[in-house]
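Read the structure below first, then the notes.
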Amino acid sequence: MTIKKIISIASAKGGVGKSSITALLAMNFAKDFKVGILDADIYGPNQHILFDVENKKPKYIKDNDTTLMEPVESMGVKLNSMGFILDDDRAAIWRGPMLSGAIKQLMGLTIWGDLDYLFIDMPPGTGDAYLTVASEVSPDHGILVTTPNKLAIHDALKSISFFNKLDINLLGYIENNTSNQVFNSADESLVIKNQTCIGKIIYSEDIYNLNIKKSMNLVSDISRTIQSLV
Ligand SMILES: Nc1ncnc2c1ncn2[C@@H]1O[C@H](COP(=O)(O)OP(=O)(O)OP(=O)(O)O)[C@@H](O)[C@H]1O
Ligand SMILES: [Mg+2]
């Protein structure tokens, strides 16, 4: 079982589009590569919903004393998520060690097989989940997602220092929900920190309505750019 590249998709601010973009990128990558997604959002997993496999479960396989999980496969992407394992409200009370234990198990007990790319859908913030992913999963690269508003950019800047501290190589940022009205969009502040704008995604009703298949093409250029960077 080898995983060639691990890419984590992150933002300090919540609701900027990490999960949607992770799903869209993975589907694009899956046209040419073997791809998986680890949903590291233990409190608010979403990948099972985005891939419309809410009622599926990983297959459990006994291996001596441990139980391994066959990931759920959808649209050519191998998925594992707390969303398959716990009812939505159960994980909400987990803290510290339980949270990092859950991420470790999802990563370590899943039979990923050989993958070219594993995407990690991170929860919002800069907390325990990030420390666990940095130490246990060791992503090769990180990508930030931000919206063009000032508060999101402020939080994105915080994430940059956090990623630097964790020693994860940031490929740059994706600006989501880009509007046609150009105020002073994300570039200006982020360029100061020498971050590359990997691409911009407009507001899309298909993304909003969770039609990920229909919205896949919105990130095909971004997928190619990432492939050229890693
Ligand atoms: N480009 C877009 N156009 C329209 N709707 C979008 C777009 N990007 C994201 N959304 C919508 O915004 C909401 C939040 O997106 P998403 O859950 O992907 O963000 P997130 O950063 O993963 O959130 P969280 O921090 O809670 O994990 C979703 O309802 C999604 O459908
Ligand atoms: Mg999310």
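The values are calculated or read from the model by the stated rules, or taken from the named source; none is laboratory data. Just so you know, these numbers come straight off a predicted model, no measurement behind them. FYI the Cβ positions are ideal-geometry reconstructions off the backbone, even for glycines, and counts take in every protein chain you see.
Tabulated values for the structure
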read-out: Close pairs (8 angstrom Cβ cut-off, 6 or more residues apart or separate chains): part of a helix (DSSP H, G or I) in the range 199-210, more than 6 Å from ligand 1 (Cβ to nearest atom) and of a type outside the set (S, T, N, Q) anywhere; value: Asp206/Ile212; Asp206/Lys214; Asp206/Leu218; Ile207/Leu24; Ile207/Leu218
read-out: Breaking point among (1) more than 16 Å from ligand 2 (Cβ to nearest atom); (2) more than 13 Å from the chain's Cα centre (by Cα); (3) modelled with pLDDT of 95 or more, for Pro97; value: (3)
read-out: Some residue of the range 46-56 being in contact (Cβ under 8 Å) with a residue 40 or more places away in the chain and farther than 18 Å from Ile21 by Cβ; value: no
read-out: Residue within the range 183-202 that is surrounded by fewer than 13 Cβ atoms within 10 Å (Cβ to Cβ), modelled with pLDDT of 90 or more, of a type outside the set (Gly, Ala, Ser) and within 12 Å of ligand 1 (Cβ to nearest atom) present; value: yes
read-out: Near pairs, Cβ below 7 angstrom, 6+ apart or cross-chain, from the range 77-93 (buried (at least 19 other Cβ atoms within 10 Å of the Cβ)) to any residue that is modelled with pLDDT of 70 or more and among the basic types (Lys, Arg); value: Phe84/Lys56; Phe84/Lys57
read-out: Tally of residues being more than 10 Å from ligand 2 (Cβ to nearest atom) and at pLDDT 95 or above across the range 11-22; value: 0
read-out: Yes/no for Gly44 being within 22 Å of Asn209 (Cβ to Cβ) and modelled with pLDDT under 95; value: yes
read-out: Scan of the range 1-47 for residues that are over 22 Å from Pro124 (Cβ atoms), in a loop (DSSP other than H, G, I, E, B) and within 16 Å of ligand 1 (Cβ to nearest atom), ordered by number; value: none
read-out: Sole residue being charged (D, E, K, R), in contact with a Pro (Cβ under 8 Å, 6 or more places away or on another chain), buried (at least 23 other Cβ atoms within 10 Å of the Cβ) and closer than 24 Å to Glu136 by Cα, chosen from Lys13, Lys18; value: Lys18
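Each row is one residue, and each column tells you yes or no for (1) within 16 Å of ligand 2 (Cβ to nearest atom); (2) modelled with pLDDT under 95; (3) aromatic (Phe, Trp, Tyr).
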residue: Met75; (1), (2), (3): no, no, no
residue: Ala91; (1), (2), (3): yes, yes, no
residue: Met107; (1), (2), (3): no, no, no
residue: Asp121; (1), (2), (3): yes, no, no
residue: Pro124; (1), (2), (3): yes, yes, no
residue: Leu151; (1), (2), (3): no, yes, no
residue: Leu166; (1), (2), (3): no, yes, no
